[in-house]
Amino acid sequence: MRIQHLFILLFFSFTTLTGCSDNSTGSDGGSSNKSLGVRLVNTGSEDLEVETGSDNKITFCYDKEGCTELGGGGFATVFPDQEMVFNESDPDKFAIGVKVGVKITAGKGKIEIVRGESYRDDAGFLEFTPSEVVHTSDTYTAGDTAVFEWGETD
């Protein structure tokens, strides 16, 4: 009889501990995977360097709200055999598409559109947790400009 009690106690302890969830990442229950991210993937043996600016931009499109162009320019370096999320959509909106315009200034790589969750961390910085790759571009090399659209971008 004691073993059965111990088993029941362990079972309830386990289900109680695993049933808890920490919502500190900023998700709001049903909002997971409502965001899109633009991820850079270095496929070469040198650093992949990209930039955006006045001629090359990333624009996210949102359900019932249209498209919003990200302001300013940006640049990134991705080391060989590495990847990084370059931009992510607004965490307060449901992203349905993205327009990509990125200049490759060094190296070679691919650009992925990733479904996931954008959120602000405790310090207010925008973060992105990827869950599913929904599009992978062709390989681009230094001097190329990657221009493509994914999803609903009207």
Output the residue which, of all residues in the stretch 132-143 that are more than 18 Å from Pro80 (Cβ to Cβ) and in a loop (DSSP other than H, G, I, E, B), is most open to solvent (accessible area, probe 1.4 Å).
Asp138
For Val78, all conditions in the list (1) surrounded by fewer than 21 Cβ atoms within 10 Å (Cβ to Cβ); (2) under 19 Å from Glu46 (Cβ atoms) hold save one; what is the number of the exception?
(1)
So Phe125, is it crowded, with 16+ Cβ neighbours inside 10 Å and of a type outside the set (Ser, Thr, Tyr)
no
Filtering the stretch 46-72 down to residues that are over 16 Å from Ile113 (Cβ atoms) and hydrophobic (A, V, I, L, M, F, W, C) yields Leu48
Looking only at the stretch 20-45, and only at residues there that are β-branched (Val, Ile, Thr) and either outside any strand (DSSP E or B) or open to solvent by 30 Å² or more (accessible area, probe 1.4 Å) (or both), the one that is modelled with the lowest pLDDT
Thr25
Give the residues of the stretch 73-96 that are of a type outside the set (Val, Ile, Thr), closer than 15 Å to Gly116 by Cβ and part of a strand (DSSP E or B), sorted by residue number.
Glu83, Met84, Phe86, Asn87, Glu88, Ala95
Looking at Tyr119, Tyr62, which is the one that is in contact with an Asp or Glu (Cβ under 8 Å, 6 or more places away or on another chain) and at pLDDT below 95?
Tyr119
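The values are calculated or read from the model by the stated rules, or taken from the named source; none is laboratory data. Just so we're clear, the structure is a prediction, and the values are computed from it rather than from any experiment. For neighbour counting, all protein chains shown are included, and Cβ atoms are generated from backbone atoms with ideal geometry for every residue, glycine included. Note: areas computed on protein heavy atoms with side chains; ligands, DNA, RNA excluded. Shrake-Rupley method; radii C 1.70, N 1.55, O 1.52, S 1.80 Å.
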